[in-house]
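Structure record follows, encoded as structure tokens.
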2 protein chains.
Amino acid sequence: MSAHLQHALNDLKKRILNLSARVEEAVQKATEAFETCNAPMAQEIINCDVLIDMAEVEIEEECLKILALHQPVAVDLRFIVAVLKINNDLERVGDLAVNIAERACFLATRTMPDVPFDFGYMATKVQKMLKDSMDAVVEMDVQKALEVCLADDEVDKMNALMYDLSRQKLTEPDVDAGCLLHMLSVSRHLERIADQATNIAEDAIYMVKGEIVRHKTEEYTR
Amino acid sequence: MSAHLQHALNDLKKRILNLSARVEEAVQKATEAFETCNAPMAQEIINCDVLIDMAEVEIEEECLKILALHQPVAVDLRFIVAVLKINNDLERVGDLAVNIAERACFLATRTMPDVPFDFGYMATKVQKMLKDSMDAVVEMDVQKALEVCLADDEVDKMNALMYDLSRQKLTEPDVDAGCLLHMLSVSRHLERIADQATNIAEDAIYMVKGEIVRHKTEEYTR
């Protein structure tokens, strides 16, 4: 590999890690703003999303430049294609953090109905999946990536539980339905962030093994 | 461009068009199954999703093969990167069609609450966006792609309307809250399909103009 290509790939790795750090922080702050009814903190996430969008576009342009200039093959080519997809996934996670922040802004003005659901636990799980999926990319750790794929099932179950609790709660008289729908949305957005983390983990496996494991993680983890 | 590369690109175009035809059909049938309470039709969509998943993996492998073997540049390189992303988007649309079909299976067993919302109109809009976005890719038609981006706003408004109607309906006594939440999900899934069509349209613009218009479509359409 030429020194130029090596340099370009190292730079690309730094950029995608910077983006993921920014996105992880957005998710963490958005869920904190929701849990603590902190509207100014939520508004900050919404305002800062433009920086995530800009970083995504820059990284994609960088990938194309490297493909065109250095025409990498084998593991380097797979790395760049994986970065292209992870980049996309991270930007969508940023959007989902914004969605949670928007719900947090609304809910900060209301008294939330009492639902026996532990959002904090779900948020911690999802944030760990996101962090682990990026660690799996950096450390080329297939085992860690598979653990992320498995954790997704648990998050899906939590979202299904929140759905059931909401449905029951909605049968009570005088419940604030609008509020409850917003809370259900937060659980759904967290579940979608977990899906994106799973996508990233699958790309990590692909990058290392050169095999696309999407749609067949179950075979791997049997 | 070598004859081999030309042949490989033509083949890739055919494959992505086959996939989009399959995905468009899944969306059309899923919404029809929902509207007509046709559980067997919905089950068929769920069963056939594995074919969409397989096609996605094959197309991605084909893109990588072309990148490694032919090291295309300029517009050919952009075409392949666009196909990689569109491929991903189409697979997600397939998943959303499955989500709608799952709701349709559930709802076919119940009497849906009466909500003054035209799902048929929304579904037609969304299907047109999906078709137009793929036409924009094939015809390299920037104008058509921009129209798709604009149409997304209207679909967002329809989803917001369904949300408001659900919130009001939930305050009525004896309403079937579970049913209503499933109906709200269908509107949300349709809205996400429109988002994916917008992503595809943005990739069409990028492919033609070599400029990433994501996050700045508004500048373009002013």
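Please treat every number below as a calculation from the coordinates, not as lab data. Since the structure is predicted, the reported quantities are computational estimates derived from the model, not experimental observations. Glycine gets a Cβ as well: all are built from the backbone with ideal geometry, and neighbour counts include every protein chain shown.
Observations on the structure shown:
- In the stretch B:19-48, the residues that are more than 16 Å from B:Q127 (Cβ to Cβ) form no Cβ pair under 6 Å with any partner that is surrounded by fewer than 18 Cβ atoms within 10 Å (Cβ to Cβ), whether six or more places apart or across chains.
- Scanning the stretch B:97-145 for residues that are within 24 Å of B:D164 (Cα to Cα), in contact with a Leu (Cβ under 8 Å, 6 or more places away or on another chain) and aliphatic (A, V, I, L, M) yields B:I100, B:V115, B:M122, B:A123, B:V126.
- Answer from B:R110, B:R92, B:R78, B:R103 - the residue that is within 14 Å of chain A (Cβ to nearest Cβ), among the basic types (K, R) and in contact with a Ser or Thr (Cβ under 8 Å, 6 or more places away or on another chain): B:R103
- Hey, A:H182 farther than 17 Å from B:S166 by Cβ and more than 9 Å from chain B (Cβ to nearest Cβ) or not: no
- Residues satisfying the criterion are absent from the stretch A:120-141 (criterion: within 14 Å of chain B (Cβ to nearest Cβ), more than 12 Å from the chain's Cα centre (by Cα), without any contact (Cβ under 8 Å) to a residue 40 or more places away in the chain and assigned to a helix (DSSP H, G or I)).
- For the stretch B:145-178, the set of residues classified as within 13 Å of chain A (Cβ to nearest Cβ), out of contact with any Ser or Thr (no Cβ under 8 Å at 6 or more places or on another chain), of a type outside the set (G, A, S) and assigned to a helix (DSSP H, G or I) consists of B:D156, B:D164, B:L165, B:R167, B:Q168, B:K169, listed by residue number.
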